[in-house]
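Here is the structure we will look at, set down as structure tokens.
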Amino acid sequence: MSTRGSTQVLGAMMLAVLLITASFVAGLVKAPWWFWLLAGVTLTVLSATDPSRARMSYAEVRGFNTMLFSDLGLLVRSCLFAAAAFAGGMWAAGVVTIY
């Protein structure tokens, strides 16, 4: 892997960790419920635009269903990670008192 490729991967990983951390902190400070949804959609966009991800040609129509279900699964997985981090922050807010 080239230096540029590894830098892009590390940058994407750093952004994903920051999004999950932001979702946790949002739960900790009792932000609105939709914040985890916004973080999940942002994680999906980050993952879908990853340059190292395999892409299908638009001329290839036979694999459209596979691509659609793959992207839907990506959305669900990203939202679940963000929701779990948000719920963890809400739980931590109940355990630890923050002034």
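What the table shows:
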quantity: Single residue of the range 33-57 satisfying the filter (more than 20 Å from residue 71 (Cβ to Cβ) and modelled with pLDDT of 90 or more) that is surrounded by the most Cβ atoms within 10 Å (Cβ to Cβ); calculated: 35
quantity: Check on residue 75, assigned to a helix (DSSP H, G or I), at pLDDT 90 or above, closer than 25 Å to residue 9 by Cβ and not basic (Lys, Arg); calculated: no
quantity: Filtered residue count, the range 16-32, keeping only those that are loosely packed, with under 14 Cβ neighbours inside 10 Å and either assigned to a helix (DSSP H, G or I) or touching a residue at least 40 places away in the same chain (Cβ under 8 Å) (or both); calculated: 5
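The values are calculated or read from the model by the stated rules, or taken from the named source; none is laboratory data. All of these numbers come straight from a predicted model, not from anything done at the bench. Note that we place each Cβ from the backbone using ideal geometry, even for glycine, and neighbour counts take in every protein chain shown.
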